[in-house]
Every structure is written in C-alpha cells, then in structure tokens.
Amino acid sequence: MINTLKAQDEIVGMTGDGVNDALALKAAHIGIAMGKRGSDIAKESSSLILSDDDFSKMVDAVAMGRKIYVNLKKAIQYIISIHIPIILTVALPVVLGWIYPVIFTPIHVIFLELIMGPTCSIIYENEPLEKFSMTRAPRKMKDTFLRWRDLTVSVIQGLVITIGCLFIYQFAIRNLYSEEATRAMVFSTLIVSNIFLTLVNRSFYHSIFTTLRYKNKLIGGIVILSFMLLAIILYQPWVANLFEVTALNLSQLLILFITAFVIVFWFEIYKWIIRRNHSG
C-alpha cells in the first residue's frame, strides 16, 4: 500500500510500534515509531520517534515544520528583493554616465546590510504560523524550495523598487539638487522601501491588515529603530557628513515616502488578486 501511494506521488507517513511494522516504517517517506512501547527494530527503522507516544505531537511537529519552511522562504525572498535595488542603484548611474555616478559609497551599503540583517533574521524567524497553513495540502515532493514563480515575484519586487529609487534620482537631478541631497533622497527611499517590504512580505497571500494582527513583538521595535537611525543620519550633522548626505525638507520627505509606498505596496493588489481567484 505504501509503495502504491508513493507511486501516485502521495506523501506517506507511517506510524508503528511492533517488529512487523519495521518494513512499512522504512518504506514510508517518514516512519514514526512509538518511543515508550515501540520495539527497538521499529525505532531503528523510523525517521522520527515519539518520546511520549502522544499522536497529537505529530500535528505540532507538522505545524512547526511548515512555519520554519515558510518563514525561511520569506527571508530568502526578502533578501533577493532588497539586494536587487542595491546592486542596480550602485551600478546603473556609473554605467549610464549620470551626473552623480557614485550615489552610494561603501558606508551606505554597510548600513543597508546592518538594517537588512536584523530585519531578516529576527522578524521572519519570529513570525507565527500563518492563518490556514494547516489546511493547505502538502507540497509535492518534486517541488523545489524556491519555484520559478517565487523567484519571479521576488525579482519583480526588486526591479520595481529599483525603478522607484532611480525615479527619485532623476527627480532630484531635474530639480537641480546637490549631490548630497540627491544621495540623501535615494538612500532614504531605499531605507523606507526596505521597511515597507518587510511588512508587506510577512505573507505572500494574506493582506497587511491581516499580518499586522500577527503576534510578533519585534516588528514595532525594528521599524521604530530603522526610522530613528535614518533620522540620525539625515539630521545629525557629523553623521550626515560621514554619510555625505544633507537634511531633507518636508516636501522631499513626502515625495520619497509616497514613492516608497507605491513601489512596495503594489504587491498588496497582487495578493488581493490571488485571494480573489483562490476564493472563486
């Protein structure tokens, strides 16, 4: 029976405790033996042993596995999305010969990495199990960790953020801003986009209004810290000199915030379309 199910691309789990269960436990994708009353042969043939023989713990294990798997995917997709604009915003002005070719210096890239690292490792690692995760069918054995669809979504997110940053760059040039002001606007746009992207990518299905209700106490702290650091860079003179930026006025901040919102929150429309098609 197990081999027949496996031939039909089903994912098979088998529980057992006796000697006669050993072959089936070995043949299944995951064999689960009883820790207390299970025989030694059954335990040796299994991939997992229930120490207290409590079957409900298998449900907890599946939930934990799905949470870790999904959160790891979110983190990797986030890393892909945010690194694309960093690379292209650094490279394109040089390649295209724009007026301020060195828009980002090493200190800007280092700062972006310091922001992205904690955001990725702390926020996504502490995300709870998503709503309806346990009602979804298991993924197919042949599916890769990141499908082409997942990679495409992340690349598109990164490219749209890049377009927004380059739009701000050109906007600053057309308004005859100094190099420091242009750098400040582009850098701030990327930082704000990074914060927005962190919030939007907490789910690739549910809306941000749903994910904001998820219990993750670190979200507020990380967001506030990110904005505080950006404010220090822009408005603390010696830090601004170090980053080669200048303070921005209210209208400049409003433009970059609107741009960052548009180039990130379009993804909420994409998720809404997915939810509508799924419910239909």
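Within the group Phe171, Phe187, which residue is part of a helix (DSSP H, G or I), within 18 Å of Phe227 (Cβ to Cβ) and of a type in the set (Phe, Trp, Tyr)? Steps first, answer last, please.
On the way: Phe171 fails: within 18 Å of Phe227 (Cβ to Cβ).
Going through Phe171, Phe187 in turn, the sole match is Phe187.
Using the structure shown, decide if Thr144 is of a type in the set (Ser, Thr, Tyr) and under 23 Å from Ala247 (Cα atoms).
Working: of a type in the set (Ser, Thr, Tyr): yes; under 23 Å from Ala247 (Cα atoms): no.
Answer is no for this residue.
Quick one: Gly221 ticks every box in (1) at pLDDT below 95; (2) assigned to a helix (DSSP H, G or I); (3) surrounded by 17 or more Cβ atoms within 10 Å (Cβ to Cβ); (4) of a type in the set (Gly, Ala, Ser) bar one, so which box is it?
The failed condition is (3).
Does Glu125 count as surrounded by 14 or more Cβ atoms within 10 Å (Cβ to Cβ) and in contact with a Ser or Thr (Cβ under 9 Å, 6 or more places away or on another chain)? Let's see the steps before the verdict.
Values: surrounded by 14 or more Cβ atoms within 10 Å (Cβ to Cβ): yes; in contact with a Ser or Thr (Cβ under 9 Å, 6 or more places away or on another chain): no.
No, not satisfied.
What single numbered condition from (1) over 30 Å from Glu127 (Cβ atoms); (2) modelled with pLDDT of 85 or more fails to hold for Asp21?
Against the list (1) over 30 Å from Glu127 (Cβ atoms); (2) modelled with pLDDT of 85 or more, Asp21 comes up short only on (2).
Restricting attention to the stretch 137-165, and to residues there that are touching a residue at least 24 places away in the same chain (Cβ under 8 Å) and among the charged types (D, E, K, R), which single residue is surrounded by the fewest Cβ atoms within 10 Å (Cβ to Cβ)?
Once the filter is applied, the top-ranked residue is Lys142.
Can you tell me which residue among Tyr214, Tyr205, Tyr177 is surrounded by 19 or more Cβ atoms within 10 Å (Cβ to Cβ) and in a loop (DSSP other than H, G, I, E, B)? Spell out how you get there, then give the answer.
Details: Tyr214 fails: surrounded by 19 or more Cβ atoms within 10 Å (Cβ to Cβ); Tyr205 fails: surrounded by 19 or more Cβ atoms within 10 Å (Cβ to Cβ).
After ruling out the rest, the residue left standing is Tyr177.
The values are calculated or read from the model by the stated rules, or taken from the named source; none is laboratory data. In this text, all values refer to a predicted model and were calculated from it rather than measured experimentally. Please note: Cβ atoms are built from the backbone with ideal geometry, for glycine as well, and neighbour counts cover all protein chains shown.
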